[in-house]
Amino acid sequence: MIQGDYEEIADMLRSHGLQVTSQRILIYDYLVHTNKHPSAQQVFEDVFESLPGISKATVYNTLETLSTHGLIQKINPQSGVTRYDGNTSVHSHLICTECHRIIDYFDDALFSMQVPETLWTGFEIKRTCVIFYGVCEECRNKMEDRGDKKGAKATRQVMPLKRNQRKVDAWLTMKVKE
Ligand SMILES: [Zn+2]
Ligand SMILES: [Zn+2]
């Protein structure tokens, strides 16, 4: 890592009234250079080498401070632990319910949605987050290889619908003939 980047991060921390510490610089730098949306535990494991002796509590506190100041964003999945994202630009996330991988998804249209006026009641929107839950390609392939019920179900679901469609078509044809 070049010194220039650290200087920029130090300036940014100062502009938020935060004390410049090596922990804050390195954890922030790590988060803006990864797209794996790590948990606090993952951050701890990944920064341990560059910050020997750092405690889990320090990692948690640093993440908390950085997110309070809007320098990183928190992602709270429906199930599982909080994850952290060094990319604070407006984007949404695809979360795999099998391997818990989080994939960035950029589409401004998702954030231009207008809340109906009837729902306004003076509520001011500060931040919008869009999360899609599903199964990633890698997990779907693994499921298919295993003949997993969940994976197989996805392909089977189409069948009864098609059959019903045919029944309705047949019934319609009869009706027309009558
Ligand atoms: Zn997955
Ligand atoms: Zn992200």
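Would you say S67 is of a type in the set (G, A, S), surrounded by fewer than 18 Cβ atoms within 10 Å (Cβ to Cβ) and within 14 Å of ligand 2 (Cβ to nearest atom)? Walk me through it before giving the result.
Working: of a type in the set (G, A, S): yes; surrounded by fewer than 18 Cβ atoms within 10 Å (Cβ to Cβ): yes; within 14 Å of ligand 2 (Cβ to nearest atom): yes.
Yes: the conditions hold for S67.
Looking at the range 105-119, which of its residues are within 16 Å of ligand 2 (Cβ to nearest atom) and assigned to a helix (DSSP H, G or I)? Explain how you work it out, then say what you get.
Here is the first cut: in the range 105-119, the residues within 16 Å of ligand 2 (Cβ to nearest atom) are 105-108, 110-111.
Of everything in the range 105-119, those that are within 16 Å of ligand 2 (Cβ to nearest atom) and assigned to a helix (DSSP H, G or I) turn out to be D108, L110, F111.
Only one residue in G17, G53 is loosely packed, with under 13 Cβ neighbours inside 10 Å and modelled with pLDDT under 95, so which one is that?
Working: G17 fails: modelled with pLDDT under 95.
Of the residues listed, the single one that is loosely packed, with under 13 Cβ neighbours inside 10 Å and modelled with pLDDT under 95 is G53.
Taking only the range 76-103 into account, find how many residues are of a type in the set (A, V, I, L, M) and buried (at least 17 other Cβ atoms within 10 Å of the Cβ).
Step one: list which residues in the range 76-103 are of a type in the set (A, V, I, L, M), which gives 81, 90, 94-95, 102-103.
With the extra rule that they be buried (at least 17 other Cβ atoms within 10 Å of the Cβ), the set shrinks to 95, 102.
Qualifying residue count, the range 76-103: 2.
Considering every residue within the range 49-59, establish whether at least one is more than 17 Å from I103 (Cβ to Cβ) and within 16 Å of ligand 2 (Cβ to nearest atom).
First, pick out the residues of the range 49-59 that are more than 17 Å from I103 (Cβ to Cβ): 49-59.
Next, from what is left, pick out any that are within 16 Å of ligand 2 (Cβ to nearest atom): none.
No, every residue in the range 49-59 fails to be more than 17 Å from I103 (Cβ to Cβ) and within 16 Å of ligand 2 (Cβ to nearest atom).
Yes or no, residue by residue, for (1) in a loop (DSSP other than H, G, I, E, B); (2) in contact with a Phe, Trp or Tyr (Cβ under 8 Å, 6 or more places away or on another chain); (3) at pLDDT below 70; (4) among the aliphatic types (A, V, I, L, M):
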{"residue": "T121", "(1), (2), (3), (4)": "yes, no, no, no"}
{"residue": "K126", "(1), (2), (3), (4)": "yes, no, no, no"}
{"residue": "C129", "(1), (2), (3), (4)": "yes, no, no, no"}
{"residue": "Y133", "(1), (2), (3), (4)": "no, no, no, no"}
{"residue": "R140", "(1), (2), (3), (4)": "no, no, no, no"}
{"residue": "E144", "(1), (2), (3), (4)": "no, no, no, no"}
{"residue": "A152", "(1), (2), (3), (4)": "no, no, yes, yes"}
{"residue": "M159", "(1), (2), (3), (4)": "no, no, yes, yes"}
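With the structure loaded, tell me whether E45 is exposed (fewer than 15 other Cβ atoms within 10 Å of the Cβ) and closer than 26 Å to H91 by Cβ or whether it fails that test. So E45 passes the test.
Residues in the range 102-115 that are modelled with pLDDT of 90 or more and more than 12 Å from I75 (Cβ to Cβ) were compared, and the one that is nearest to the chain's Cα centre (by Cα) is Y105.
Sort out which residues of the range 68-104 are touching a residue at least 12 places away in the same chain (Cβ under 8 Å), away from ligand 1 (no atom under 16 Å from the Cβ) and assigned to a strand (DSSP E or B), and write them in order of number. The answer is Q73, Y84, D85, S92.
The values are calculated or read from the model by the stated rules, or taken from the named source; none is laboratory data. If you're wondering where the values come from, they're calculated on a predicted model, not measured in any experiment. Glycine gets a Cβ as well: all are built from the backbone with ideal geometry, and neighbour counts include every protein chain shown.
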